[in-house]
Every structure is written in structure tokens, then in C-alpha cells.
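The values are calculated or read from the model by the stated rules, or taken from the named source; none is laboratory data. Since the structure is predicted, the reported quantities are computational estimates derived from the model, not experimental observations. All Cβ positions, even for glycine, are placed from backbone atoms using ideal geometry, and neighbour counts span all protein chains on display. The protein model used for the area step is the full one, side chains on, heavy atoms only, and it has no ligands, DNA or RNA in it. Shrake-Rupley method; radii C 1.70, N 1.55, O 1.52, S 1.80 Å.
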Amino acid sequence: MSEPRWLDDDEAAAWTNLVRVLMLLPAALDRQLREEAGIPHPYYQILANLSDRPDHAIRMTDLARLVGTTSSRLSHAVASLEQRDWVRREACPTDKRGQICRLTDEGMATLVAAAPGHVEEVRRLVFDRLSPDEVAQLSTLTAKLVTPRSSAP
């Protein structure tokens with residue numbers, strides 16, 4: 001068995017910062033949305049992704065991929081959103097096993113009401129701290145991290 005490829009000091013510092021961002025940012029955004037809009041951040045992400053789609057609808061499996069969750073967790077969240085009448089599930093016309101998730105008018109109204117406070121918090125926590133060049137770098141770096149690799153590491 002080969003020796004692990006340990007992180008050097010620069011990599012370890014970068015990794016520690018990334019882990020802190022991954023822990024602190026979602027918690028801060030969730031807190032703001034719960035306090036101001038009464039919804040958790042994952043639900044907001046579902047509504048926002050639906051609002052960006054043609055006809056405000058998308059297959060459940062594709063929505064799970066977009067919001068970065070499993071199909072079972074998404075199904076649980078969508079059930080809660082359905083109870084609030086913010087989304088509805090429909091049978092997929094091209095696949096009898098598939099389901100479509102569609103944003104309702106009530107869900108869009110909830111998103112529209114929550115969006116100003118949420119974007120202000122995103123700006124305060126992230127973008128107000130970065131220069132335009134740093135925003136471009138952040139975009140490049142995060143795109144590399146979320147793009148699947150063609151082969152295993």
C-alpha cells in the first residue's frame with residue numbers, strides 16, 4: 001500500500017478555509033431564511049431552481065442533481081413543499097416511473113418574497129468581501145470543483 005499524498009502547508013490552509021466555508025455559510029443562510037421567510041435554505045434552493053426552469057418544472061432526478069442532494073432527501077423535502085402548496089408532483093409524460101416537480105403560483109410568491117433578504121445576505125457574506133477579479137476566480141474554482149471528473153482520482 002502506498003503512502004498517502006499528504007497535504008502541504010498551503011493545501012492544508014486552503015482546505016481548512018474551504019471546510020469552514022462549507023460549514024458556516026449554509027448555516028448562516030439557513031438561519032437568515034428561517035428568521036425572515038420561515039423556510040429552510042434547502043427548500044429555498046428547490047424553489048429557486050424550479051423558478052429558473054422552463055414552465056417552472058423539472059424531473060425529480062434532475063432537480064436532485066441541481067440542488068446537490070439524493071433522490072430520497074429531495075422526495076422528503078418536496079413532500080413538505082407539497083403540503084404547503086408550493087410545488088406539485090406530476091407524472092412524467094415520457095417515462096412512467098419518472099416524476100416532474102412543478103412550482104406553483106404560491107411557491108413562486110414565497111420565493112419572490114424571500115429572495116430580497118436572501119440575496120442581501122449572500123452579498124453581505126460573500127460578494128461584498130470580494131473584488132470583481134476574485135469573483136471571477138471564485139467562479140472558475142468552484143466550476144472545477146463541481147464538474148465531475150472523467151476518471152477516478
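Which residues, taken from the stretch 2-45, are of a type in the set (S, T, N, Q) and either open to solvent by less than 80 Å² (accessible area, probe 1.4 Å) or within 27 Å of VAL87 (Cβ to Cβ) (or both)? If the condition is that a residue be of a type in the set (S, T, N, Q) and either open to solvent by less than 80 Å² (accessible area, probe 1.4 Å) or within 27 Å of VAL87 (Cβ to Cβ) (or both), then THR16, GLN32, GLN45 are the ones that fit.
Under the condition of being open to solvent by 60 Å² or more (accessible area, probe 1.4 Å) and either touching a Cys at 6+ places or on another chain (Cβ under 8 Å) or in a helix (DSSP H, G or I) (or both), the residues counted in the stretch 65-85 number 8. Candidates are the residues of the stretch 46-64 that are within 11 Å of the chain's Cα centre (by Cα) and crowded, with 21+ Cβ neighbours inside 10 Å; the one that is farthest from GLY107 (Cα to Cα) is ALA64. For the stretch 20-69, the set of residues classified as at pLDDT 95 or above and polar (S, T, N, Q) consists of GLN32, GLN45, ASN49, SER51, listed by residue number.
Taken residue by residue, the stretch 125-139 has no member that is under 18 Å from ASN49 (Cα atoms) and either assigned to a helix (DSSP H, G or I) or at pLDDT 95 or above (or both). Taking each residue of the stretch 1-19 that is under 18 Å from LEU145 (Cβ atoms) and looking for partners that are among the small types (Gly, Ala, Ser) and open to solvent by less than 100 Å² (accessible area, probe 1.4 Å) with beta-carbon atoms closer than 7 Å, six or more apart or interchain, yields nothing.
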